[in-house]
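Just below is one structure, and these are the notes that go with it.
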Amino acid sequence: MTDSSETQVSEAQIAVHWREEEYYPPPEKFVKQANANDPAILDRFTEDKFPDCFIEYADLLTWDKRWDTVLDTSTAPFWKWFVGGKLNASYNCVDRHAAANPDKTAVIWVPELEADETLFISYGQLLRQVNEFAALLSDFAGLKKGDRVTLHMPMVPEAVVTMLACARLGVIHSQVFGGFSGNACGTRIADSGSRILITMDGYYRAGAMQDHKVKADEAVAEAARQDQEVDKVLVWRRKEGEYQSKIPMVDGRDFFVNDIIGKYAGHEVAPVSLDATDSLFLMYTSGTTGRPKGAQHSVGGYMAYVAGTSKYYQDIHQDDMYWCLADIGWITGHSYIVYGPLALGTTTILYEGVPNYPDAGRPWRIAEKLGVNIFHTSPTSIRMLRKVGPDEPTKYNYHFKCMTTVGEPIEPEVWRWYYHSVGKDQAAITDTWWQTETGGFLGSTLPGLQPMKPGSCGPGALGIFPVIYDEDRNEVPKGSGTAGNICIRNPWPSIMQTVWGQPERFLDVYYRKYNTDPNSKDWHDWPYFCGDGALEAEDGYFRILGRIDDVINVAGHRLGTKELESAALTVPEVAEAAAVPVIDDIRGRMVEMYVSLKPGFEASPAMEAKVTGAIETEIGKIARPKNVWIVPDMPKTRSGKIMRRVIASVSNFTDVGDVTTLANPEVVEGIRHHVQSAKVAKGDAPRELTETELAEIKAFGAE
Ligand code: WTA
């Protein structure tokens, strides 16, 4: 790889030409009231102040005992933050605000059906609910500190109550995205070793009641196949006195929470004083290999970092009306619906359904009705709302002071619509780049101090020092237009502690590549490898290009190609499978599956449907491929590796490049003809790709 005459283009060497966008200064009205509007804050977080700079974040919390050491590097790179400190996340998010201000609204829940009543839960009520459910978890479910429990909850306030009740006891919650299938949930139950599953019978999505309990039964069965027994399934009811599922409750295993919680009415459970380095939750995410990675997050460092970044980057003040339109089952929901905003004692809004139900004006009606002034969402939602209701925001009388975007790169045109139409030229935008593993923001502008630049997330966040390396660990020169692998040079408080049960994988995936001395206890020797390609402009702003591992980012959701492929391979007739991304104007990327069948089987629409069905069963509807292409043979290298780059080019109508070195170059033309003519016939041919997109497709699946 060091040979510069090497003709194969590696991701780090790709020259990406892109236009520098102009700056947008933060609106003056915003700056006046911003939590961070004094440039002195930048001096407090310079590298020479590291790691003590983060004490400012930790001081936003109430500690039972203060820490002795801010950062302990003795077990590098398994960093330990605020060692010796003791605290409880539930206490910090609920009790202390309930004591000071019991009637203040903590959570607002907006059910999807517009005629249904919005629910307001005060800090006092939240405290009571969290206590009662914690009592149930400890007494009825026998859960205690350090146990793992899997949650498969939709966007309902009971999800918040459940998380905080676990946090109160020191029980490590592992919330699986509600849209994931029963099997995906079961795999995560098994990996985390949970013997309790907490779910809900149903929820509304796009106007229809979903049978969610059915997934619990699938999950328990899948976990059992992987040798993990689930003793109890606790089922919240979506509607009091009703049951939304066609699947019967299993006697002795399944229990309605609503039926047993009464026994714990008025019970109080003291928040368990945890070590800062104890774990708060696991959040599973995808990577290069099939087995999902449980990013394990700490109590102290994580809470400090999400509180600090919520304060400075989302500009949350206690009296703000904050709405994050993400799902609670993703890291964004954990950090920036629940833990960050509640730690600061603000009001956080939870919306059950899809943003465009019943029409594209819904988010703006909610914003108007509730007086939302901070809005947080993803480029996918923004693209979709822009497409289906470009003029809707102007019809509603709401005023955002700041808006956040997360999950994928946002195209400058889309950014401008967000700024002008949704933000009405009055709101500061923070484009926040980060990951499940990082717990909180890594790159973003400080909204009151740093101008915005569409398409770039901004500089490293306070106390975060990114660097871009090439494959040989040379720093890529700033502003050179050369992409490389973005890394963070230093640890920060909310970096995951490890990958649950896979410490070797933690080392391999995130540190091995750029660590020069595996015995070093000095953090300077351990840059964190993010897995994203990026560019740094002259001004120190970063532009994130996307994943460089085998991950496809669909609407902000990370799907591993290996997981998709193993799902397709559960269809008995399938011999080989390959997943590739196609550029999609709404969802960013979508998945296309290529499969070849075992001898004796014929391609048919029914077979395609079977593959789609298998992916929905194994992963969930979000992974549903745009197309399944059944091909006679896959293009392969001489060593037998499927050339995903070639089929990705076919799917995206880009140049397949040199295929002469393949073992079977003759198959490529047949596949190209079959796929592209079918796509053209369906009206599904993509627009011309940008340089960045071309580079991504060209690099896809490269080793
Ligand atoms: C991508 C979501 C560009 C990136 C918080 C990252 C982004 C992956 C941005 C993590 C952004 C996230 N601009 N790309 N603002 N935010 N990404 O773990 O590729 O679901 O590595 O965490 O999403 O996705 P994850």
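Coordinate-derived values only; no laboratory data. What you are looking at is a predicted structure, and each value in this text was computed from that prediction instead of being measured. Glycine gets a Cβ as well: all are built from the backbone with ideal geometry, and neighbour counts include every protein chain shown.
Assorted remarks:
- Scattering profile of segment 211-329 at q = 0.10, 0.22 Å⁻¹ [log10 I(q)/I(0), Debye over alpha-carbon scatterers]: -0.55, -1.23
- Residue order, fewest to most beta carbons within 10 Å, for GLU471, GLU693: GLU471, GLU693
- Around the Cα centre of the chain, unit charges on the Cβ atoms of Lys, Arg, Asp and Glu (plus for the first two, minus for the last two) sum to a dipole of about 1060 debye.
- Alpha-carbon centroid distance for the pair segment 151-168 / segment 328-390, whole angstrom: 18 Å
- Each of VAL467, VAL250 has some number of other Cβ atoms within 10 Å of its Cβ, and from fewest to most they run VAL250, VAL467.
- All Cα pairs of segment 37-161, percent lying beyond 24 Å: 52 percent
- Taken about its Cα centre, segment 422-577 carries a charge dipole of about 480 debye when Lys and Arg each add +1 at the Cβ and Asp and Glu each add -1 at the Cβ.
- In segment 40-142, GluC sites (Glu not before Pro) in a DSSP loop with at most 13 other beta-carbon atoms within 10 Å: GLU117
- Inter-site label distance for HIS267 and ALA606 at 7 Å from Cα along Cβ, in nm: 5.3 nm
- Rg and Dmax of segment 82-239, both derived from C-alpha coordinates alone, stand at 16.3, 50 Å.
- Members of LYS293/LYS698; LYS49/LYS80; LYS104/LYS232; LYS293/LYS453; LYS65/LYS521 lying beyond 24 Å, as alpha-carbon distances in this model show: LYS293/LYS698; LYS104/LYS232; LYS293/LYS453; LYS65/LYS521
- This ranking places THR377, THR150, THR661, THR285 by how few other beta-carbon atoms lie within 10 Å of each, fewest first, which gives THR661, THR285, THR377, THR150.
- Dipole of the chain, positive direction: furthest Cα of TYR204, GLY657, PHE30, with charges on the beta-carbon: TYR204
- For the chain, adding -39500 (n - 2.57) for each run of n ≥ 4 DSSP H residues and dividing by the number of residues yields -7500 deg cm²/dmol at 222 nm.
- Rg to Rh, two decimals, where the chain supplies the alpha carbon set and Rh follows Kirkwood: 0.95
- Estimated FRET transfer efficiency (ASN397, ASN37; beta-carbon r; R0 45 Å; 0.05): 0.95
- Our note on the geometry: Cα centres of segment 500-556 and segment 405-436, 24 Å apart.
- Summing Cβ point charges (Lys, Arg +1; Asp, Glu -1) relative to the Cα centre of segment 612-703 gives a dipole of roughly 240 debye.
- Think of segment 36-182 as a dipole: +1 on every Lys or Arg Cβ, -1 on every Asp or Glu Cβ, centred on the Cα centre; then among ALA106, CYS166, LEU61, CYS166 lies furthest on the positive end.
- Inter-site label distance for ILE247 and GLU669 at 7 Å from Cα along Cβ, in nm: 5.1 nm
- Qualifying GluC sites (Glu not before Pro) in segment 537-615, where qualification requires a DSSP coil assignment and no more than 12 other C-beta atoms within 10 Å, comprise GLU538, GLU602.
- In the chain, a dipole from Cβ-located charges (positive for Lys and Arg, negative for Asp and Glu) runs towards its positive end, and of LEU507, GLN450, TRP629 it is TRP629 whose Cα lies farthest in that direction.
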